[in-house]
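Colleague: Structure provided below as structure tokens; questions to follow.
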């Protein structure tokens with residue numbers, strides 16, 4: 001079997017690996033230890049190019065920025081080749097690795113929960129782990145809602161499958177509440193509990209509000225896009241900490257609010 005399409009996944013004895021997944025060479029990777037890169041292809045069984053018993057995982061490694069890491073890699077490869085090698089002479093593209101040579105690097109996955117239309121953002125090491133996180137977050141407190149499907153929309157800010165369409169739909173639905181929106185944030189849980197929010201900007205279009213929200217959302221405890229209306233608080237999009245401090249839950253609130261008003 002040959003996997004080449006972004007997001008195609010396989011379970012190995014070392015966990016899940018996805019095409020497009022960010023990885024780092026571990027202590028088993030020999031000269032490639034400490035180098036990060038992305039999986040470009042996975043081959044199994046008779047489609048493998050090696051005689052290894054495990055899967056062939058093709059990785060495109062990045063040229064490191066750290067001078068000390070470059071120095072160490074150059075020294076390791078120079079010793080292996082028996083002659084001096086510079087980083088420019090070292091093969092970094094389409095390097096075949098075994099699963100136990102690689103560790104997954106956590107990435108940000110934006111996921112649509114289909115049973116109750118919302119968008120959740122979690123940090124995970126693979127698509128499968130991200131989907132499991134999203135489902136667990138949504139089916140526990142405070143939502144307690146059964147989920148019948150989750151779909152990855154974006155990985156590290158790069159659209160994965162249909163996110164542009166979801167965003168357009170959110171913009172259109174937001175406009176049914178008004179023409180102007182504001183972006184608010186809270187510095188601490190104490191401020192949030194007391195209802196003491198700060199307004200970053202107001203009187204914005206939904207498109208401008210979303211751009212500002214994306215700009216500042218990771219700078220504060222939680223951030224929201226709200227309809228710019230003093231008479232009623234309607235939250236369009238929320239970003240804040242989940243129960244697991246390693247995850248962030250980002251929820252598209254608009255469908256819930258539409259049922260309530």
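Since every read-out is calculated from the coordinates, none of them should be taken as a lab result. Keep in mind that this is a model prediction, so the values were computed, not measured. Note: ideal-geometry Cβ built from the backbone for every residue, glycine included; neighbour counts use all protein chains shown.
Colleague: Can you tell me the FRET efficiency between residue 52 and residue 214 if r is taken as the Cβ-Cβ distance and R0 is 30 Å, rounded to the nearest 0.05?
Modeller: It comes to 0.10.
Colleague: Zone of residue 132 (label point 7 Å along Cα→Cβ, backbone N under 20 Å): which residues in the range 1-40?
Modeller: Only 7-24 pass the distance filter.
Colleague: Apply 1/(1 + (r/R0)^6) to the Cβ-Cβ distance of residue 205 and residue 123, taking R0 = 41 Å, and write down the FRET efficiency to the nearest 0.05. Can you show the working numbers first?
Modeller: Details: r = 30 Å, r/R0 = 0.73.
Given R0 = 41 Å and the Cβ-Cβ separation, E is 0.85.
Colleague: Tell me the label-point distance for the pair residue 45, residue 69, using the 7 Å Cα-to-Cβ offset, in nm and rounded to one decimal.
Modeller: Computed distance between label sites residue 45 and residue 69 equals 3.6 nm.
Colleague: Along the Cα→Cβ direction, 7 angstrom out, place labels at residue 2 and residue 26. What is the inter-label distance in nm?
Modeller: The two pseudo-label positions are separated by 2.9 nm.
Colleague: Could you order the peptides 213-223, 96-106 from most to least packed, using the average number of other C-beta atoms within 10 Å per residue? Write down the numbers at each step before the final one.
Modeller: Numbers: 213-223: 16.9, 96-106: 18.5.
Sorting 213-223, 96-106 by mean packing, highest first, produces 96-106, 213-223.
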